Amino acid sequence: MNARAHEVQRRRMGSTLAEAVDNYLALLVVEGKSPHTIRWYQRKLRAFLKFLADRGEEHLMIHKLSVDHARDFIRFLMERSSKYPDHPHHREVAGGLSPTTINGFARSLRAFSSWLQEDGYTQANVLRPLKPPKVPKTLIKPLSEDELRKILLAIPYDSPEGARNLAIVMMFCDTGVRLSELTDLKMQDFDAGLGECKVFGKGAEERIVPIGYAAKRSVIRYIERFRPEPLNPREDRLFLTADGRPLSRNAVGQMVARLKRRTGIPRLHPHLFRHTFAVRYLVNGGDVFSLQRILGHKSLEMTRRYIALANTDIKDRHRQYSPMDNLGLAIGGRGRPRHRR
């Protein structure tokens, strides 16, 4: 190592943890990470810094960072009795954090710690021994066709807000886009002629997503009849608020929460539309390879998890439409078919 590189490393190892966090977040911007990814790391690492500051370690030096700091933080999160303190969009509510949320905090710390070692802030990956809490594997129950109809019929389509919300739900259900991908859609990304939209997914990767006739018509109707003039003339976002501002992810979440109450479907949330699209696509004859491209999955394994859900749906349909069960015959004790009475 030459003298200049040694001096750079010496300065980095003499940094505070807060300075290193700022540099890491700046690097994510330079590397072209999506705004959603940057906000995700920012919220989690800033929460870690606040935890340390609250216990008198606001100016913790990098060389003093230990895995015990991270473990104490994770334990603090697991013992919390409320959600969303100091959140910019949510009011604080009672209830602990989910295992999935806490797992995300642990993963963000481990990724940050790997970067600290790679960039010369630490000689070892200090937080490598931190084990993220296990996330229980829960079987996702996609929306049934009856539930989808119930949701669509619960949206008043003759108002500007209703027409926009109908277009949003139709887009969710027909394309499988993520919430952040939908709110980031621009007018130029929607091509009515080709029946497709350009989506910028995780890692700022671009992909083309087909859109069916019914969903396309709902978006065209919103654009031509109800979309307001943008408050900022340079704003090109597809979905806007009533006063012409870009529609936020939080606003879409609140809209879906209202639909949840209105329809009585307690498990309804924006990402469930993505799961439902994937299952319905397979059940209706789509293949897993094209589904992978539409969803923007890097690994086919991520897409294959929907096959089991689709098989469950097919079994339910078979029970309803079984050729033998619908003949009106019963099998007697000796195996002889007879008419049901």
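The values are calculated or read from the model by the stated rules, or taken from the named source; none is laboratory data. No experiment lies behind these values; they were computed from the predicted model shown. All Cβ positions, even for glycine, are placed from backbone atoms using ideal geometry, and neighbour counts span all protein chains on display.
Quick notes
- Scanning the range 215-236 for residues that are assigned to a loop (DSSP other than H, G, I, E, B) and buried (at least 19 other Cβ atoms within 10 Å of the Cβ) gives a single hit, 227.
- Scan of the range 136-148 for residues that are in a loop (DSSP other than H, G, I, E, B) and either within 19 Å of residue 278 (Cβ to Cβ) or at pLDDT 90 or above (or both), ordered by number: 137, 138, 139, 140, 141, 142, 143, 144
- Residues that are within 17 Å of residue 117 (Cβ to Cβ) and surrounded by fewer than 16 Cβ atoms within 10 Å (Cβ to Cβ), drawn from the range 41-66: 61, 63, 64, 66
- Filter pass, residue 36 being out of contact with any His (no Cβ under 9 Å at 6 or more places or on another chain), under 25 Å from residue 181 (Cβ atoms), modelled with pLDDT under 95 and not assigned by TED's automatic domain parsing to the domain that holds residue 250: yes
- Considered as a group, the residues in the range 19-40 that are among the small types (Gly, Ala, Ser) and surrounded by 18 or more Cβ atoms within 10 Å (Cβ to Cβ) include one that is nearest to residue 113 (Cα to Cα), and that residue is 20.
A quick yes/no check of all residues on (1) under 21 Å from residue 216 (Cα atoms); (2) basic (Lys, Arg); (3) in contact with a strand residue (DSSP E or B) (Cβ under 6 Å, 6 or more places away or on another chain); (4) not in a helix (DSSP H, G or I):
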position	(1), (2), (3), (4)
116	no, no, no, no
125	no, no, no, yes
134	no, yes, no, yes
150	yes, yes, no, no
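- Residue in the range 47-62 that is within 23 Å of the chain's Cα centre (by Cα) and either part of a helix (DSSP H, G or I) or free of Cβ contacts under 8 Å to residues at least 24 places away in the same chain (or both) present: yes
- Residue under evaluation residue 177, criteria (1) closer than 30 Å to residue 283 by Cβ; (2) of a type in the set (A, V, I, L, M, F, W, C); (3) out of contact with any strand residue (DSSP E or B) (no Cβ under 7 Å at 6 or more places or on another chain), criterion not met: (3)
- Residues of the range 182-213 classified as out of contact with any Asp or Glu (no Cβ under 7 Å at 6 or more places or on another chain) and free of Cβ contacts under 8 Å to residues at least 40 places away in the same chain, total: 8
- Residue in the range 162-182 that is part of a helix (DSSP H, G or I), among the aromatic types (Phe, Trp, Tyr) and crowded, with 16+ Cβ neighbours inside 10 Å present: yes
- Selection within the range 132-158 - over 20 Å from residue 260 (Cβ atoms) and without any contact (Cβ under 8 Å) to a residue 12 or more places away in the chain: 137, 158
- Of residues in the range 254-286 being basic (Lys, Arg) and not in a loop (DSSP other than H, G, I, E, B), the one nearest to the chain's Cα centre (by Cα): 274
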